[in-house]
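So the structure is just underneath, and the comments pick up after that.
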Amino acid sequence: MSRREGILSAGLVFVVALAVRVWAATQITFPRPEDAAYYVGVARNLVEGRGFVSDAIWSFGTPPLAFPRPAFEVWLPLPTFLAAIPMSLFGTTFAAAQVSSIVVGSIVCVLAWRIAADVAAVREMPVGRARTLALGAGLAAAVYLPLVLASAQPDSTMPFAALVLVACLIMNRMLRPIDRTQVEGRGPAALLEWGREMARSRARGLFVLGITLGFAALTRNEAVWLALTWAIVAWWVAGRAVAAGAVRPIRGVSSVGRPVSPAERTRFGQWWPLVGFVGLLALLVFAPWAYRNWAVFGSPLPGQAISNALFLDGRDVFAWQDPPTLSRYLAAGPATLIGLRWTGLVHNLVSVLLLLGVPLSIIGLLGLPMAWRAAPLRPLLLFSVITFLVATLVFPVSTTWGTFLHAAGAIHVLLVISALLVLDAVIGWVGRRRGWTRPVAWLGPTFAIAGCLLFSGVLLAGDGRASRETSARFEALASALRDPSFAMPIDAEPGPIITDFPIWLAEATRHPTLALPNEGPESLLDLARSFDPPARLLVVDADNTGIWPALIIAGSTGSECFVPLELPVEDVLAFRIGCPDR
């Protein structure tokens, strides 16, 4: 397509995606789940001049354990930096923070359009079908519910998806075969200039890829799987270069305009500079954050990744006296460990990839073998498989709490494009069987967009309702905890609150909070005493599925240290933490 047509198509996709996401943001008025509240809360503290801190300690695996808590001992900061930009302009509200995720989510749809256009070009589709596939992919992504929902929450999902798609676009261009017809019949001077232009183009691509990987590493830990994807793709690139003779001298000059050494004629000799250069740039981008982590937490890398792989229950992330260990993990036995992986597989496949995107997600999943035959989708498909398998097999418990969910934005784009390829093939087959004389390639994207609109319209209303109910609940809770008639009003209680929703409560009250360990009374009392001033208030959901507040209600040993308090908020219980001698 022409440059003007490309700009108009991309602009149309962006405008439609932006409008849909703005509407979705008006429905989602509260950060759900809690990680979105964390990113927003840290951004607010940064804009207000408090620093890069949080009012919640939700995990105890990384010291220092003190308030104000240095932010991002596990998660990564780029989403907060993005949210802080509009918050500094429009105020420190959740709606202002949503601006960043809305814009980034709209860019993701444009990237989906670009990848689909590359697929159409490689497949040499007729102009009409190519336009329909590309525009259909962009518009379907614009109304595809998993992408719309993620775009209304200022967390890591959409920034990471955008960076993955940019990286995969660059990898695809690296994979394009060398066109030998461009050099046939050229003289040495023209050949030299062509080689230099190829070298400059590749250098630009490698530079952008390195920067992209660096920013991905500032967004999610799954950036390591994106780097692994590049290492594999670079091996393919090196192999193609050797096979095509691009590294052998042509009239004494290589394709990069200089003599070629014997070492460079090998596949490894071509591969390691590609990986090394990109890796060095990525490390330079990540280095300032690594230094900050080292200075604050004692390690340059995000902590607790290994312990997350040893979870037997999602609440292990809140462990205080009984953190996950390898011995405990292995003692669970093969049946339990296999069962955890089955649960993770079902969650990642059904709850994350398929459920919210039906029917398009199911069609896209079935069409992934066809997607592999589309060369521009191979880097994205490779990343998707690696990420899915690692999340399922290595982190089977933590993935049910969002590990794969927030890394799957780009994978949803893959499913959308894959589904459109299936629909295009089916409609083409039916057309040939029925002897249609007019092109009807538009039927596939029309079906896809209509199906996505139907599900998005219906399900977004439910999410919006849940968002408003959660917002009202925490506003009421914050008001009740501050009321002078409450036995322990938090404005007069300097100690932190122990709770099973630490981030939400910290954001609602602006009071320090501690995560509630799923451990017995002795552990909880030890946690309360470990802070100065000590924690004296426990606030817990009445429907909590862990051992609290069931231990207190059942009158178990140690429950006498937790005195019930009257709290006029439905399904939330409060207790005074006592027993100072224990």
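Going by alpha carbons, how many degrees (0 to 90, nearest 10) lie between the helix axis of 334-346 and the longest principal axis of the chain? With rounding to tens, the tilt is 70 degrees.
For the chain, the longest principal axis of the alpha carbon atoms and the long axis of helix 188-217 meet at an angle near 10°.
Sorting 116-128, 36-48, 321-333 by average packing, meaning the other beta carbons within 10 Å per residue, from highest down gives 36-48, 116-128, 321-333. If you plug the beta carbon distance of Leu8 and Leu89 into 1/(1 + (r/R0)^6) with R0 = 30 Å, you get a FRET efficiency near 0.55.
Put in line by how crowded their Cβ is, counting other Cβ atoms within 10 Å and starting with the fewest, Ile211, Ile28 read Ile211, Ile28. In a reduced charge model with +1 at each Lys and Arg Cβ and -1 at each Asp and Glu Cβ, the chain shows a dipole moment near 3820 debye about its Cα centre. Ranked for footprinting exposure by Cβ neighbours inside 10 Å, fewest first, Val166, Val278, Val426 give Val426, Val166, Val278. Between the alpha-carbon centers of the stretch 46-69 and the stretch 138-153, tell me the distance in whole angstrom. The stretch 46-69 and the stretch 138-153 have Cα centres separated by 32 Å.
The distance separating the Cα centre of the stretch 336-396 from that of the stretch 458-475 comes to 29 Å. Would you kindly give the portion of the calculated P(r) for the stretch 22-62 that falls above 17 Å, as a percent of all Cα pairs? For the stretch 22-62, the fraction of Cα-Cα distances above 17 Å is 44 percent.
Protection proxy ranking for 442-450, 80-88, using the average of other Cβ atoms within 10 Å per residue and placing the highest first: 80-88, 442-450.
In terms of the Cα gyration tensor, with a ≥ b ≥ c the square roots of its eigenvalues, is the stretch 490-577 rounded because a/c is under 1.5, prolate because a/b exceeds b/c, or oblate?
oblate
Relative to the longest principal axis of the Cα atoms of the chain, the long axis of helix 3-27 lies at roughly 10 degrees. Of the peptides 548-561, 222-235, 51-64, the ranking by mean beta-carbon count within 10 Å, highest at the top, reads 222-235, 51-64, 548-561. Given R0 = 41 Å, the distance between the Cβ atoms of Ser559 and Val53 translates into a calculated FRET efficiency of 0.75. A crude spin-label estimate for the pair Arg202 and Val122, with each label 7 Å from Cα along the Cβ direction, gives 1.9 nm.
Using just its DSSP H runs of length 4 or more, each adding -39500 (n - 2.57), the chain gives a mean residue ellipticity at 222 nm of -20000 deg cm²/dmol after division by all residues.
The numbers here are math on the coordinates, done by the rules we state, and not lab data. Since this is a predicted model, take the numbers as computed values, not measurements. When we count neighbours, we look across all protein chains shown, and the Cβ atoms used for this are built from the backbone with ideal geometry, even at glycine.
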